[in-house]
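Written out below as C-alpha cells is the structure these notes cover.
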Amino acid sequence: MSATHSLAQVSKKYIRDDASPEFVLPDLIGYCPFTLHVNPHYEAASAESDAWFDSFGIHRGSRRDEFKIAKFGLLTAMSYAQADHAHLRNCCDFMSWLFAFDDLTDDGGLRENIDGMKKAAKIMMDALRNPKTYKTEFKVGETLRSFWERASATASEGTQRRFVETCQLYVNAIYQQVVNRRHDQIPTFESFIQLRRDTSAVKLVFSLIEYSLNLTLPDAVFDDPIIKSLEQGANDILTWANDIYSFNVEQSKGDTQNLVVIAMHEFGLNIQQAVDHVGSRIRSRIDQYVMEKRLVPSFGSPQIDAQVVTYIGGMEDSVIGVLHWSFDSKRYFGDEHERIKRDRTVTLLPVDTSMLPPPDSTVVYDEPTRQGQVGLGKITGSGIGLVLPFNLMVSRPILFRVAAVLSWLLWLNWIAPSFTSYYTLL
C-alpha cells in the first residue's frame, strides 16, 4: 500500500462512525464585518496573467482547465482591490505561482517528497535573492523568479525584505508539513495553528499589500505589537476559514494536515462538531480583531497613519475576499459552489485512494533534483525521461522504484491499454 493510501486510512480513522454524510458550514461571511471589494481591472489583468502563466507549460489538459476555473484572478482582485492595473497584473502572477506550488505540495509530486521539497525550497529562495540572474528548469520556480524580477523593480526596500523573509518562513513551514505527511504525523491543535500561520502563505499575501498600493511603511509600524496582533488575527481568520472550506476535498485525499481533522483527532469530535469548533474559534478571533483595531496607535505622522489605515484595509480585503471567493470558485465545492454558498450544506466526499490523474490530463512535472536544474524524469545520462505514475516519489529506495516502474508498465500495457493519460515527469 502506498504512503498516499495509508494516509487516506489515517484520515478516515478520525471520521467517527456517527458522522453524518452531510455537514453544515458556519456563516462566516455573515459574521465578518469587512466589506467586499473587487478590483475594476480584474478581467484585463487576469487575462494577461493567464497568458503569462500558460507560457510556462506547467499544466495541460483538464488540469489546466481545473486551474483556470478556480478563478485565482478573481481572488487576487478581491485581495488587492485598490491596486492599479500594472500592480494587480503582477499580483495575479504571484497568485498563480502560489497555487501552482500549493498544488504541487498538497497533491502533487512534493506531497510527501522530503528531499524534493528541500531542493524546491532552495530554488525558490535563490530565485528571490537573484531574480535577474538566476535560471532554473523547475518551471514553478521560474514563475516566481519572473514575477519577482518585475515586482522587486518598483517595490520599496522594506517590502522586498519582508517578502523574501516571509517566503523563507513559508517554504520552511511547507517542508515541515511535507515531513508530517510523509511520516503520518498529526500535530496538536495549538502547534498546528502556529504552523498554519506560515503554510497558509497569508504573510506573503499581506507583504504584497504595500507593493500593490505603493505604500512605504517604516519598520516601526510592523514592529508595533498592535499591528502584529492584527496581522496575526487576520491571518488566523483567513487560514482557519480556508481549513473549513477545503476540509471536504482534503479529507477525500487522505490529508490530515487540516485544522478540522486535527480537532476531530485531538478532541474526539465528529465532523460537524469539529467544524463548529473551528467556526467558533474564528468568530472569537474576529471579535478580538475588531476590538484591537480600535487600539491602533499614531506613528507620529499623518501620512504614515493614513498608510497604516490603508494597509489594514488591505488585510481586510484579503480576508473577506477569501471568504467569498471560496464559494465563487469551484476549487473547494465543485459544481455545487453556488448552492453551498446559499445553504452552507456540504455532502461528505468518499475517500479517494486511487489518486490517479483524470483521463485526459497531462501535468508537466519538472521537480528539482541535482542542483535543482533538471526534472525528475531526467534520471539517465542521456537525459531520456521516464513516464511514471503520479504517486511515485524519488525518495523511495531504488528497488521500490524499479518494482513500481515494472508494475506500472504491466498495468499500462495489459490492464488498461486504453488509458493514455499519465503524468510526465519532465
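The values are calculated or read from the model by the stated rules, or taken from the named source; none is laboratory data. It should be emphasised that the depicted structure is a prediction, and the values quoted were computed from it without experimental measurement. Backbone-built Cβ (ideal geometry, glycine too); neighbour counts: all protein chains shown.
Looking at the range 61-117, which of the residues that are among the aromatic types (Phe, Trp, Tyr) and in a helix (DSSP H, G or I) is surrounded by the fewest Cβ atoms within 10 Å (Cβ to Cβ)? Here the residue is Phe99. Exactly one residue among Ser79, Ser62, Ser96 is at pLDDT below 95 and either outside the structural domain of Lys253 (by TED's automatic domain parsing) or closer than 21 Å to Arg331 by Cα (or both), and that residue is Ser62. Residue pairs whose Cβ atoms lie under 6 Å apart, separated by 6 or more positions or on different chains, with the first residue in the range 318-337 and more than 16 Å from Asp236 (Cα to Cα) and the second among the β-branched types (Val, Ile, Thr) and outside any loop (DSSP other than H, G, I, E, B), are Lys330/Ile69; Tyr332/Val249; Phe333/Ile340. Give the residue, chosen from Tyr211, Tyr175, that is assigned by TED's automatic domain parsing to the domain that holds Ile304, buried (at least 16 other Cβ atoms within 10 Å of the Cβ), modelled with pLDDT of 95 or more and among the hydroxyl-bearing types (Ser, Thr, Tyr). None of the other options fit; the residue is Tyr211.
Does Glu266 satisfy the criteria of being in contact (Cβ under 8 Å) with a residue 12 or more places away in the chain, of a type outside the set (A, V, I, L, M, F, W, C) and farther than 23 Å from Thr347 by Cα? Answer is yes for this residue. When the residues of the range 154-172 are filtered to those that are surrounded by 17 or more Cβ atoms within 10 Å (Cβ to Cβ) and in contact with an Asp or Glu (Cβ under 6 Å, 6 or more places away or on another chain), the one that is farthest from Arg129 (Cα to Cα) is Tyr170. Taken over the range 180-189, the residue count meeting the criterion of being out of contact with any Asp or Glu (no Cβ under 9 Å at 6 or more places or on another chain) and in a helix (DSSP H, G or I) is 1. Considering only residues of the range 135-153 that are in a loop (DSSP other than H, G, I, E, B) and at pLDDT 95 or above, which is nearest to Arg196 (Cα to Cα)? Within the range 135-153, the match that is nearest to Arg196 (Cα to Cα) is Ser152. The residue that is surrounded by the fewest Cβ atoms within 10 Å (Cβ to Cβ), counting only those in the range 121-153 that are small (Gly, Ala, Ser) and within 17 Å of the chain's Cα centre (by Cα), is Ala121. Of everything in the range 99-119 that is of a type in the set (A, V, I, L, M) and over 12 Å from the mean Cα position of the chain (by Cα), the residue that is farthest from Tyr332 (Cα to Cα) is Ile114. Counting only residues that are closer than 30 Å to Gly300 by Cα and out of contact with any Leu (no Cβ under 6 Å at 6 or more places or on another chain), the range 221-279 holds 16 of them. Residues in the range 211-242 that are more than 14 Å from Val319 (Cβ to Cβ) and part of a helix (DSSP H, G or I): Tyr211, Ser212, Asp219, Ala220, Val221, Phe222, Asp223, Pro225, Ile226, Ile227, Lys228, Ser229.
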